[in-house]
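Note sheet for the following structure.
A short reminder: the numbers here are calculations on the coordinates, not readings from a lab. The structure presented is a predicted model; accordingly, all values stated were derived computationally and were not measured. Neighbour counts are summed over all protein chains in view; Cβ atoms, including those assigned to glycine, are modelled from backbone coordinates with ideal geometry.
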Amino acid sequence: MDAAGVRQQRDSTDAPDEEAYQELSEHQPFIRLSHGSTPLRQSRPRTPSVWKLGLCFFIATISVLALSIVPFSLQALSKESSSDTHELGEPPIGDETDHNEADAEPDSGHASEESDENNPKLIVIQHEEEISSMPALRDASQYILSNSWDFDAAPVVREYHWTIVDGRLNPDGVFRPMILVNNQFPGPLVECNDGDTIRVIVDNKAINATSIHFHGLFQNGTNSMDGAVGITQCPIAPNSSFTYEFQVQNQSGTYWYHAHHSAQASDGLVGPVVVHSRDERTTLQKLEYASDRVVMVQDHYHNLTSEILMDYLKPDMENNEPVPDNGLINGRGMRDCKDFEGWDCDASNATALVFDLAAGQRHRLRIINVGAFAEFQIQWDEHPFYVTEVDGTDVLPEPFHRLNILPAQRYSIVLETNVTTADAFWMRARMVTHCFTTKNRRLQSETRAMIRYTSTETKALDKDPNSKDWPDVIEVQCRDLNVSALHPVISMNPPPADKYMRFDASFMIGDWRLSRGFFNQSTWHLNMTHPSLHRFLDAPANATSLGSPIAVNNLAYDYKKELVIQTEGIRTIDFAINNFDDGNHPFHLHGHKFFVLVQGRGGYPPSEEDLPAFLQQHDLENNPLRRDTVTVEGYSWAVIRIVLDNPGMWAFHCHNMWHAESGMVMQLLVRSDVVRGWSVKEQERAMCGLEGVTTGMRPDDSIWFGNFGEK
C-alpha cells in the first residue's frame, strides 16, 4: 500500500482484538480536580501569647504560599490530561474544538449537536439529501469540488444516509432498470480529509441484496467494512440496513465506491470518493490549479446486468464478453431514439455535458473509469495535459495528450485553458473496441462532453465545438497507459521481497463446456452466507495455523474454489502474473497499494532466480509507481511487489466485471496471527441469516449441469 513505509514503522498497528478495539475506542475521561473547603470549628476566645501569635503568622504565610501554587499545579494537570487524550486519537478540548466546529464546510452538510457515541470529541457532520420522488440524473455540478474546502480541519465524522432503490432511468435516452442511491444516478460524492471517519447508513429498499465497497481505501483495522460479499461480509438483504463506518488513515487522492455483489455496479451503484491531504496543494500536487472536479467515464448497457451475466456464463460462450451499447460521462450520454425502434426511449432532454473552465488557468480533472468492461482512450481536443495522480498516489507531472484508462483505474490530469483557436472544445472518450471479441450493432463507441472557456464575456453556446482531433491515429491495440515515466512525489523504494510467487491468469473450459476464469488451477466460487473471513474465525486452530509464514491455506478452504494465500507477520511478496488470455486484466488488490516493478509485453516474466538482476539492470526499484489497480495486457505479464502489512482478508481480482464473475478472484489472508484474535460481530453474523440475503447473486454453475444451455 502507499503507506507501506509508514506501516512498517508502526508494526504495533496490529489490529487489536474486538475487546481491545472497544477499549481503545471508549472515551477516556479527564481528571477533574476541584477546590474543596473544609469548615473551621470555632474555638473559644482566649488571649494569645506573643510566641503563639508569631507561630500563627508563620503558618498563615506558608498557607498562602501553598494555596498560590495549587492553581498552577491544576493547570499543569489539566494540560497533561488533554495532551494524553489527544494522543489516543481525540482532539483536545477547549477553543480548538469550538473553532473547528465553526469552520466546518457549510455546503457539505450540517454539524450535529450530539457527539459521536464512539468518540465524544468528534463532531458529526451529516450529509443528507432529499430522496427524489422520481428516478433522476444527479446534478453534475455536485462533482465540482469547492475551493473553500478546509484542508486543515480537525477530524470529524462524515455521516451519509443512502437509500438503495430500484428505478427506471434513461441516462442516454434509453430507459432501463437501474439500482439507485437516493433515487439518483450516479451516486453522491463522498469527500473528506485524511483522518476523518466515514459513516454510511445503507437502507436497502431494492428487490435484491447488495453491498458497498470503497475502492482503494485501506480499511486498516476495519476489514469487515470492506464490502466484498463472500469474502468479508454477507450482503445487505432487502428491507434491511447496514452501517459502514471506518476511519480514512494515511492516504489521500481519488477513489470511488461501487456495489460488490455480483454485477450490480453496472446497474448504477457507483460514485466518487475524494480524500484531501493537508499537503495536497502545497507539496503533493506540483502544479497549481484554479478548479478541481470529478469526471467519471463508464460503459453502459441497456439491459439489466443480471440478464447479461446469465448469458455470458452459459455453456459454449468461451469468454465472449458482452459488448456495451454506449458510454457515459458523469452519468450522461446522448443517443438518437430512432436507432432504438421499439425501445422505451426519450432523448428530448439529453445534451452533451459541459465543463465550464475559467480561461487562462490550470484545472484539475479527476478521471475515474467506473465501468464494467471497456477501456477508454480520452482526450481534450487541442489540449495536452499533465498526469499528476495515479490511483491515489501523487506523481511528478508528465505530459500526455491521450489518456488510456481501464476499469477501476483513476488519474488526475491538469490541463491549461490557453488555446486561442476557439472558446469551446470536445472532450472525447473513446472505447478501445479492438478489445471486444464480438460485435454490437448498436454500439456508439465515442462519447463526448464539452469544455468551455469562461470569462466576463462568456456567451451561451449556440453551436457545437469545431475543435480538431489529434493527428496521430487512435489506439488500435488493447494497451494500458505507459506509466513507466510516472514516479511518486513521495519517494519510496520497495523493501526486499520475502518470496516470489507466480500466478497464471487464464480462461479454461471445464465440465458442461463452461468457460471460467482461473488463477492457476483455482476458479472462485463464493460462499455468500458464510464469508471467507467468518469461516477463518470459526475454524479450528489446526485449520488456521499453517506452520509457514507464507503459504496456501488448503485446510480451511477448498483450493479449487478459493485460492487463499495466508501470511503471518509483515511479509513482502513479488507477484509475477502471466496472462494467458487475449484480453486485458486490470487486477485490483483490496486493502493495499503495491509497487509496479514492471509491465511486460509478450513472453514470460523473469524467473525467481533472474528477477533481482533484471530489476537492477533496468533500475526498476528506484521509486516505482504505487497503485492499487494494474493492467496485465493480453498474452503478457507484470511483476508487482506487495508489502502485506494490513491485517485482514483481502480480495485480489480482475476488475473486468465479467471476468471477476467468471471466477478470476483470489484472496490474501494478511497477518493471520493478528486476524486470529478477532471475532465476528453479532450484527454482521445475523445479516447472513436474513430473508432474501441470497437474492441477486451470480447464478451457480449447477444450473447448467446436465445440459448445454441454449445455442
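Give the distance, in whole Å, between the Cα centre of segment 233-254 and the Cα centre of segment 128-148.
The distance from the Cα centre of segment 233-254 to that of segment 128-148 comes to 20 Å.
What is the sum of charges around GLN566, taking Lys and Arg as +1, Asp and Glu as -1, for the other residues whose C-beta is under 11 Å from the C-beta of GLN566?
Details: positive: ARG571, ARG671, ARG676; negative: GLU568, ASP673.
Around GLN566, the charge tally is +1.
For a quick check of your reading of the filter: which trypsin sites (Lys or Arg not before Pro) in segment 671-707 sit in a DSSP loop and have no more than 12 other Cβ atoms within 10 Å? Provide the component values of the computation, followed by the final result.
Details: sites: ARG671, ARG676, LYS681, ARG685; in loops: ARG671, ARG676, LYS681.
Answer in residue order: LYS681.
Could you size up the charge dipole of segment 499-680 around its Cα centre, putting +1 on the beta carbon of Lys and Arg and -1 on that of Asp and Glu, and report it in debye to the nearest 20?
On the way: 15 positive and 19 negative charges, 71 e Å.
With only Lys, Arg, Asp and Glu charged at Cβ, the dipole is about 340 debye.
Long-range amide H contacts for ILE207: which residues qualify at under 5 Å (H placed 1.01 Å from N, peptide plane, sequence gap of 5 or more or a different chain)?
ASP166
Per residue and in cubic angstrom, what volume does the convex hull of the Cα atoms of segment 353-483 have?
Values: hull volume 16.5 nm³, N = 131.
Dividing the Cα hull volume of segment 353-483 by its residue count gives 126 Å³.
Using the Cα atoms of segment 110-454 to build a convex hull, what is its mean projected area in square nanometres? Spell out each step's value before the answer.
Working: hull surface 74.4 nm².
That works out to 18.6 nm², a quarter of the Cα hull's surface.
Relative contact order for segment 518-582: what is it in percent, counting Cα pairs under 8 Å that are at least 6 residues apart?
On the way: 57 pairs, mean separation 21.8, N = 65.
Reported as a whole number, the value is 34 percent.
Kindly state, as a whole number, the per residue volume in cubic angstrom of the convex hull around the alpha carbon atoms of segment 491-553.
Working: hull volume 11.8 nm³, N = 63.
For segment 491-553, the hull spanned by Cα atoms encloses 188 Å³ per residue.
Ordered by residue, what ³J(HN,Hα) values in Hz, to whole numbers, does segment 628-640 give under the Karplus form 6.51 cos²θ - 1.76 cosθ + 1.60, where θ = phi - 60° and Gly and Pro are x?
Per residue, the Karplus-derived 3J(HN,Hα) values read 10, 9, 10, 9, 9, 6, x, 6, 10, 7, 8, 10, 10 Hz.
In whole Hz, what ³J(HN,Hα) sequence does segment 594-599 give by Karplus (6.51, -1.76, 1.60; θ = phi - 60°), x for Gly and Pro?
Coupling constants for segment 594-599: 10, 8, 8, 6, 6, 10 Hz.
What are the residues whose amide H is under 5 Å from the amide H of SER291, where those residues sit 5 or more places off or on another chain and H is modelled from the backbone?
Excluding prolines and chain starts, which carry no amide H, the hits are ARG364.
Any idea how far the Cα center of segment 635-711 sits from the one of segment 315-330, in Å?
One Cα centre to the other: 22 Å.
I need to check one value: relative contact order of segment 110-454, counting alpha carbon pairs closer than 8 Å and at least 6 residues apart, in percent. Write down the numbers at each step before the final one.
Working: 862 pairs, mean separation 55.9, N = 345.
Computed value for segment 110-454: 16 percent relative contact order.
Just check segment 499-680 against the gyration tensor rule for me: Cα atoms, a ≥ b ≥ c as the square roots of the eigenvalues, rounded for a/c under 1.5, and otherwise prolate or oblate depending on whether a/b exceeds b/c. Write out the running numbers ahead of the final one.
Details: a/c = 1.97, a/b = 1.22, b/c = 1.62.
Oblate.
Got a sec to turn the phi values of segment 404-417 into Karplus ³J(HN,Hα) couplings, 6.51 cos²θ - 1.76 cosθ + 1.60 with θ = phi - 60°, whole Hz, x for Gly and Pro?
For segment 404-417, the Karplus-derived couplings read 8, 9, 9, x, 5, 7, 9, 9, 9, 10, 10, 10, 10, 8 Hz, x marking Gly and Pro.
Whose amide H sits under 5 Å from the amide H of ASP356, counting only residues 5 or more places off or on another chain, with H placed in the peptide plane?
ARG452
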